[in-house]
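Engineer: I have a structure I would like to understand better, so I am pasting it below and will then ask my questions one at a time.
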Amino acid sequence: MSLIEARNMSVAYTDTPALAAVDLSIEPGEIVTVIGPNGSGKSTLIRALLGVVAPSGGSIHRKPGLRIGYVPQKLSLDANLPLTVRRFLCLPRRHSAAEIAAMLERVGVPGLQERQMSALSGGQFQRVLLARALLMKPEILILDEATQGLDQPGVAAFYRLIEAIRSEMGCAVLMVSHDLHVVMRATDRVVCLNGHICCEGAPTVVSEMPEYRALFGLGTGGALALYQHAHDHEHDHLGAGDGHDHHHPHHGAA
Amino acid sequence: MLDDFLLRAVLAGIGVALAAGPLGSFVVWRRMAYFGDATAHAAVLGVALSFGFSVSIYVGTLITALAMAFAVSSLYARGHAIETALGVMSHTALALGLVAMSFLSGVRVDLSAFLFGDILAVSKQDLAVIWGGAALVLALLAWRWQALLTATLNTELAQASGIDARREQLVLTLALAVVVAVALKVVGALLITALLLIPAASARNLARTPETMAVIAIGLGMLASLAGLQLSLTADTPAGPSIVVAAGAIYAVSLALGRPRSR
């Protein structure tokens, strides 16, 4: 039985279509990566799968009682909200001190319990977000551009950690990412999104597909070139942009 | 023993501080100060309507505060820049209330009591309403605490754990309307937001977790009530504004006491 399944799903924001005719199912234990240019509806897809926005057409089925561990793209904490790492990890469900200590150790940031969230570095913050998601004992881990703000070795280390955790915990992983070449090595299935699903399949297969090349570059270096291109750090603003505002692969730059 | 007006005033201030501490913390965390103003201003219209229809002032203010709170809440749900719309609604409601008051013939209404509060005139019945309302708000917030905090962090994060952020917003909306209705008598419509905001903002400088911030806000709110009443008695100043002045002074002290904030 699929954990989450979208059938012929479309999502629209006040008459602006954001996603159309999406068929996507996530099976237990698999790693699925969604890639696509800015404004292609990646974040909208995540929001729909989580149930934050209702689909305007088609349907979504979540396994009843599905435990989701969600790692947001970023978490802008109000400066007036005092929050220790320990307290943050206990939202919305409380965990024992031992569980918290073990999980922080597992994600590579032991001993941060009493630190204020606002005092963490970018890398520590992402790992604490991951720890919170994992403490939910998720059947599926959903990561929305979770490596934003990490440097290249940091990104690689983060995805190695995700892979290791998947094999330990057996949870499915759904990732949205820009970090094409790192992500594609670690993934079972790539879904290429641009308002609809352009193409889908194993990473090696997808990277040869014409739809993928049209979006991410023609040469074999396309994925790598786009990855190394400096991103503008603008992410899909809901309903804004036509999705073609930002891709100009540098051929041969790698 | 409740025959002493001063004791009743003290108990009224403590009752309001009990509810305003935790609720005010959420107002600070979710940047709802304008929201609080709009709801409180609508209460003035509620006072006029209560006299017009001869119902209890608490009923009238609760209804208009609820109506305004839900209207504003639906604006919030649409996202986007709503400060302007909020400002329009907030001040229109206040002005409409003042205009409506002028139509009341035959009833002598002490307008300033509703704008700035009249804590020294709190009756035993008022006290029962204030403490009942405070208990209701505290129970509501305690019941939804974990979900409210999670929804305050991030909508998607909440939804992933099965928490409906819109429903939690409604809980706060309801609590805010109740606090406005019961605090109107104590500090008045123009200063209710101050009682929500200032103790919580002061507590921020002294707290390391959301819970300690809420509890410290309660304590500082009580302290401000007592100090304000004392000031009012000794210097013969209006009680409501005196309480807010005391809260402001406490805020200044908290800034000096608080550890430098790490970013």
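The values are calculated or read from the model by the stated rules, or taken from the named source; none is laboratory data. Please read these numbers as outputs of a predicted model, since none were measured by experiment. Every residue, glycine as well, gets a Cβ built from its backbone with ideal geometry; the counts of neighbours run over all protein chains shown. Keep in mind that these areas ignore ligands, DNA and RNA; they rest on the heavy atoms of the full protein, side chains included. Shrake-Rupley method; radii C 1.70, N 1.55, O 1.52, S 1.80 Å.
Engineer: Would you be so kind as to identify which of B:ALA200, B:TYR34, B:THR234 lies farthest towards the positive end of the dipole of the protein assembly as shown, taking Lys and Arg as +1 and Asp and Glu as -1 on Cβ and the Cα centre as origin?
Structural biologist: About the Cα centre, the residue reaching furthest to the positive side is B:THR234.
Engineer: With each label point set 7 Å from Cα along the Cα-Cβ vector, what nm distance links B:GLN146 and B:GLN125?
Structural biologist: If labels sit at B:GLN146 and B:GLN125, their model points lie 4.2 nm apart.
Engineer: Tabulate in residue order the Karplus-calculated ³J(HN,Hα) for the range A:34-49, using 6.51 cos²θ - 1.76 cosθ + 1.60 with θ = phi - 60°, rounded to whole Hz; enter x for Gly and Pro.
Structural biologist: Values, residue by residue: 9, 10, x, x, 4, x, 8, x, 4, 5, 4, 4, 4, 4, 5, 5 Hz.
Engineer: Which whole number gives the average, over all residues in A:85-92, of C-beta atoms from other chains lying within 10 Å of the residue C-beta? Before the final figure, lay out the partial values.
Structural biologist: Details: counts 0, 1, 6, 5, 0, 3, 13, 14.
Per residue, the number of nearby Cβ atoms from other chains is 5 on average.
Engineer: Can you tell me which of A:39-45, B:140-146, A:82-88 comes out highest on packing, and rank the rest after it, using the mean Cβ neighbours within 10 Å? Show your work: numbers first, answer last.
Structural biologist: Values: A:39-45: 25.3, B:140-146: 15.4, A:82-88: 21.3.
So the peptides A:39-45, B:140-146, A:82-88, ranked by packing, come out A:39-45, A:82-88, B:140-146.
Engineer: Under a 5 Å amide H to amide H cut-off, with H placed in plane at 1.01 Å, what residues pair with A:LEU193 once short-range neighbours are removed?
Structural biologist: Correct list: A:ILE35, A:GLY36, A:CYS198.
Engineer: What average number of partner chain Cβ atoms lie no more than 10 Å from the Cβ of the residues making up A:110-122?
Structural biologist: Taking all residues of A:110-122 together, the mean is 1.
Engineer: With +1 on each Lys and Arg Cβ and -1 on each Asp and Glu Cβ, how big is the dipole of the range A:83-137 about its Cα centre, in debye rounded to the nearest 20?
Structural biologist: 180
Engineer: Could you tell me the distance between the Cα centroids of the range B:135-187 and the range A:71-115, to the nearest Å?
Structural biologist: So the two Cα centres are separated by 22 Å.
Engineer: Something else about it: What aspartates and glutamates does A:LYS63 reach when the alpha-carbon gap must be under 19 Å and sequence neighbours fewer than 8 apart in one chain are set aside?
Structural biologist: A:LYS63 reaches A:GLU5, A:ASP23, A:GLU27, A:GLU30, A:GLU139, B:GLU156, B:ASP164.
Engineer: Once all Cα-Cα distances of the range B:5-257 are split into 5 Å bins that start at 0, what whole-number percent is in each one?
Structural biologist: Taking all Cα pairs of the range B:5-257, the binned fractions are 1, 7, 14, 19, 19, 17, 13, 6, 3, 1, 0, 0 percent.
Engineer: To the nearest 20 Debye, how big is the dipole of the protein assembly as shown about its Cα centre, given +1 on the beta carbon of each Lys and Arg and -1 on that of each Asp and Glu?
Structural biologist: Roughly 1080 debye for the protein assembly as shown.
Engineer: What are the ³J(HN,Hα) values, in whole Hz, obtained from phi via the Karplus relation 6.51 cos²θ - 1.76 cosθ + 1.60 with θ = phi - 60°, for each residue of the range A:188-197 in sequence order, with x given for Gly and Pro?
Structural biologist: 7, 8, 10, 10, 9, 10, 8, x, 8, 7
Engineer: Per residue of the range A:151-162, what does 6.51 cos²θ - 1.76 cosθ + 1.60 with θ = phi - 60° give for ³J(HN,Hα)? Whole Hz please, x for Gly and Pro, Karplus curve as stated.
Structural biologist: Running phi through 6.51 cos²θ - 1.76 cosθ + 1.60 with θ = phi - 60° gives 7, 4, x, x, 4, 4, 5, 4, 6, 4, 4, 4 Hz.
Engineer: While we're looking at this one, here's another question. Which lysines does A:LYS74 reach when only Cα atoms under 22 Å apart count, and residues fewer than 8 places away in its own chain are ignored?
Structural biologist: Leaving aside lysines fewer than 8 places away in the same chain, those within reach of A:LYS74 are A:LYS42, A:LYS137.
Engineer: State the answer as a single residue: which of A:PRO138, A:TYR13, B:LEU115 lies farthest towards the positive end of the charge dipole of the protein assembly as shown, with beta carbon charges of +1 for Lys and Arg and -1 for Asp and Glu, about the Cα centre.
Structural biologist: It is B:LEU115, whose Cα lies furthest towards the positive end.
Engineer: Given the options B:PRO241, B:PRO210, B:PRO22, state which has the largest fluctuation in a GNM of chain B using a 10 Å cut-off (strictly under) for Cα springs.
Structural biologist: Evaluated over chain B, the most mobile residue of the options is B:PRO210.
Engineer: Taking the Cα centre of the range B:161-263 as origin, sum charge times position over the Cβ atoms of Lys and Arg (+1) and Asp and Glu (-1), and report the length of that vector in debye to the nearest 20.
Structural biologist: Computed charge dipole of the range B:161-263: roughly 360 debye.
Engineer: Using 5 Å bins from zero, what percent of all Cα-Cα pairs in the range B:99-222 falls into each bin?
Structural biologist: Using 5 Å bins, I get a P(r) of 2, 10, 14, 18, 19, 14, 9, 6, 4, 2, 1, 0 for the range B:99-222.
Engineer: For chain B, modelled as a GNM with alpha-carbon contacts under 10 angstrom, which of B:ALA194, B:ALA20, B:ALA183 fluctuates the most?
Structural biologist: Among B:ALA194, B:ALA20, B:ALA183, the largest GNM mean-square fluctuation belongs to B:ALA194.
Engineer: Once amide H atoms are placed 1.01 Å from N in the peptide plane, what residues at a sequence separation of 5 or more from A:ALA18, or on another chain, have their amide H within under 5 Å of its amide H?
Structural biologist: HN-HN under 5 Å from A:ALA18: A:VAL11, A:ALA12, A:TYR13.
Engineer: Can you list residues whose amide H is under 5 Å from A:TYR70's amide H, if they're 5+ apart or on another chain and H is modeled 1.01 Å from N?
Structural biologist: Those qualifying (amide H under 5 Å, at least 5 residues apart or on another chain) are A:ILE142.
Engineer: Calculate what fraction, in whole %, of the accessible area of the range A:83-137 sits on carbon and sulfur atoms when a 1.4 Å probe is rolled over the protein chains.
Structural biologist: Carbon and sulfur together cover 55 percent of it.
Engineer: Next question, about the same structure. Under 14 Å Cα-Cα from B:LYS185, which aspartates and glutamates qualify once same-chain neighbours fewer than 8 residues away are excluded?
Structural biologist: B:ASP110, B:ASP118, B:ASP126
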